[in-house]
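The values are calculated or read from the model by the stated rules, or taken from the named source; none is laboratory data. Just so it is clear, the model here is predicted, and its values are computed rather than measured. Every residue, glycine as well, gets a Cβ built from its backbone with ideal geometry; the counts of neighbours run over all protein chains shown. All accessible areas refer to the heavy atoms of the entire protein, side chains included, with ligands and DNA or RNA removed. Shrake-Rupley method; radii C 1.70, N 1.55, O 1.52, S 1.80 Å.
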Amino acid sequence: MKKLYRFNQSDEKLIEKILDDDVVMINHIILNQGETLPQHDSNSNVYLMVVRGTLTLRLGEDPSKCCENGNIINVPGKVKMNISNEAPEQVEFFVIKAPSPRLYK
């Protein structure tokens with residue numbers, strides 16, 4: 001049976017959980033210039049799918065990298081992440097965690 005999952009558009013910072021089951025967790029995030037997410041360790045295998053704008057990402061002690069629209073970035077579990085938007089336009093991306101963090105070991 002088909003199930004529909006919706007996500008929103010916004011001119012403001014947006015963080016929303018779209019799907020949370022044992023197989024996968026999907027979050028949708030929009031950041032404006034200068035906005036960041038709190039630094040944290042990845043809690044599963046994480047895939048960042050950039051669908052609009054340019055994401056600035058720093059993993060562990062590596063230098064920051066810019067990830068543009070159309071890119072999917074894999075972040076292994078237990079890696080320190082710094083995610084921000086340093087570009088003038090909004091960045092919109094999906095965070096896909098597989099499996100769900102509650103099952104990741």
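Rolling a 1.4 angstrom probe over the protein heavy atoms with all chains in place gives region 1-75 an accessible area of 66 Å² per residue. If the reach is capped at under 20 angstrom between alpha carbons, list the lysines near LYS78, excluding any in the same chain fewer than eight residues apart. Cα-Cα hits under 20 Å: LYS65, LYS97, LYS105.
Comparing GLU92, GLU35, GLU61 in a Gaussian network model of the chain (Cα springs below 10 Å), the most mobile by mean-square fluctuation is GLU61. Carbon-plus-sulfur accessible fraction, region 2-67 (probe radius 1.4 Å, protein heavy atoms only): 50%. Placing unit charges on the Cβ atoms only, positive for Lys and Arg and negative for Asp and Glu, gives region 10-61 a dipole magnitude near 220 debye about its Cα centre. Accessible area of MET81 (1.4 Å probe, protein heavy atoms only, ligands and nucleic acids ignored): about 10 Å².
The length gained by stretching the chain between ARG58 and ASN8 to full extension, at 0.36 nm per residue less their Cα-Cα distance, is 15.4 nm. Note on LYS78/VAL23: beta-carbon distance plugged into 1/(1 + (r/R0)^6) with R0 of 22 Å gives a FRET efficiency of 0.65. Given the options SER64, SER84, MET25, identify the residue whose Cα lies farthest towards the positive end of the charge dipole of the chain (+1 on Cβ of Lys, Arg; -1 on Cβ of Asp, Glu). Of the candidates, MET25 comes out farthest on the positive side. Annotation for region 1-48: trypsin sites (Lys or Arg not before Pro) lying in DSSP loop with at most 13 further Cβ atoms inside 10 Å of their Cβ are LYS2, LYS3, ARG6. Overall, the chain carries a charge dipole of about 460 debye about its Cα centre when +1 sits on the Cβ of Lys and Arg and -1 on the Cβ of Asp and Glu, all other atoms neutral.
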